[in-house]
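Visitor: Can you read through this structure? Questions will come right after.
The values are calculated or read from the model by the stated rules, or taken from the named source; none is laboratory data. Worth saying up front: this structure is predicted, and the values here are computed from it rather than measured. Note that we place each Cβ from the backbone using ideal geometry, even for glycine, and neighbour counts take in every protein chain shown. Note: accessible area is taken over every heavy atom of the protein model, side chains too, but ligands, DNA and RNA are not part of it. Shrake-Rupley method; radii C 1.70, N 1.55, O 1.52, S 1.80 Å.
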Amino acid sequence: MHIWGSDNQPLLQTIHFTFALGAVLAPLFTEPFLAEKETGNSTSRTDGEPTIFMNSTSQWKQENTSNMTWLATNGTMLVKARTTNVHYAFLIAGIIAIVTAFPFIVLGFIGKSREHKSEENYTQKHSRKLPRHLNIFVILALCVFFQIYVCIEQSFSSFLMTFVVSDFVEVSKSKGAYITTIFWALFALGRFLTIFVSKYISSVKLISLYTTLMVISFLSFTVSASFAQIDAVTVFTGMAGISMSALYPAGISWVESELLKVTSWFMTFVLIVSCIGMMINPLIIGYLMEEVSNMWFCYVLLSQTLLLCCIFLFLLLFNRCYLNKVYGKVGDSKLSETVTDKPLKETETFLESDISLKNSKTINATT
């Protein structure tokens, strides 16, 4: 926000696109280290490890190659399945995380020793000062807004495969994984396209558009699941991925441009509250799906989507119909020297009366 100023929206969309791209590319790091799917006549040993029996005429011997153990005897070869070495994928991810952290550490020290003009412009832009109770109220409402969005995104992607496999008899695990892949692919595509769209559409219009699409997507998803139409469920799964793609970065841009200054403290509160929601929401959905019905997966997400729209509309109207009229808009240069808890109209009335009194004294003194 400090560096990019008013051009932050396309760049925020670009950053969040790379998040989605990382989610698509992450399986490529794990695939080489996973055990291959067994083919042939297999059975299960008493120790729980899969084996394959093959014909052979060799004597007993044991050989370890490519993490696969071979035990052979006259007439039968016992093959112990290759073990999964997924810890190498985590090692690669850890190395990448450490390497990418160094530039930010360097920038952290360099940034403290330099003064940028963008910092001054950034401070002047956010000259509106709200009373403490209103500022806390807006922050809490925004935390709930982002919390509900994160709950919807994480819960939908986490429970989608479980829902379609358990609720539709004809859907296998492979097809369930395919439907989940469609969601993430269109999620990433939606964020990529929004990079260019956000240059011409304001963040408020983007949020309005995508929240409307979310309501349509989850409502249609629920109806399709009720009538057991798996093809329609697949289509609206992809639509849900597009509708959720750009909402988070657009929300941050909207907060910055119309509500309040996006600081590290504000984002810390948002992330903490969002993580709390991510821990609680799966417990609720999982319990309802197991104890009541799988359809509660749809009902909970649809209800949260409607609540998300209501909170957005409330904040939008509260800011434009009350805060902007009483305390001025964000970036209003007339408020740069005004720091008060009194309404702006009362302050202007007081200043006008004070100026009139001084003018009358000057005229009397001259006379």
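Visitor: Test of understanding: what is the full-extension gain from residue 307 to residue 232, defined as 0.36 nm times their sequence separation minus their Cα-Cα distance?
Guide: Values: separation 75, 0.36 × 75 = 27.00 nm, distance 2.43 nm.
Separation in residues times 0.36 nm, less the Cα-Cα distance, equals 24.6 nm.
Visitor: Would you calculate the separation in nanometres between label points at residue 21 and residue 212, each defined as 7 Å from the Cα along the Cα-to-beta-carbon direction?
Guide: 3.0 nm
Visitor: To continue, here is another question. Restricting attention to the alpha-carbon atoms of segment 124-185, what are Rg (one decimal) and Dmax (integer), both in Å?
Guide: Rg then Dmax for segment 124-185, in Å: 20.1, 60.
Visitor: What distance in nm lies between label points placed 7 Å from Cα along the C-beta direction at residue 283 and residue 100?
Guide: 3.1 nm
Visitor: Let me ask something else. By how many nm would the segment from residue 133 to residue 109 grow when fully extended, if each residue of separation counts as 0.36 nm and the alpha-carbon distance is taken off?
Guide: 5.2 nm is the gain from fully extending residue 133 to residue 109.
Visitor: Leaving out ligands and nucleic acids, and using a 1.4 Å probe, what accessible area per residue does segment 249-315 come to in Å²?
Guide: Per-residue value: 48 Å².
Visitor: Stokes-Einstein diffusion coefficient for segment 244-334 at 37 °C in a medium of 0.692 mPa s, Rh from the Kirkwood formula over Cα pairs: what value in µm²/s?
Guide: Numbers: Rh = 15.7 Å.
Diffusion coefficient, whole number: 209 µm²/s.
Visitor: Here is a further query. On a full-extension model of 0.36 nm per residue, what is the gain between residue 169 and residue 320, subtracting their alpha-carbon distance, rounded to one decimal in nm?
Guide: Details: separation 151, 0.36 × 151 = 54.36 nm, distance 5.01 nm.
Full extension of this stretch gives 49.3 nm more.
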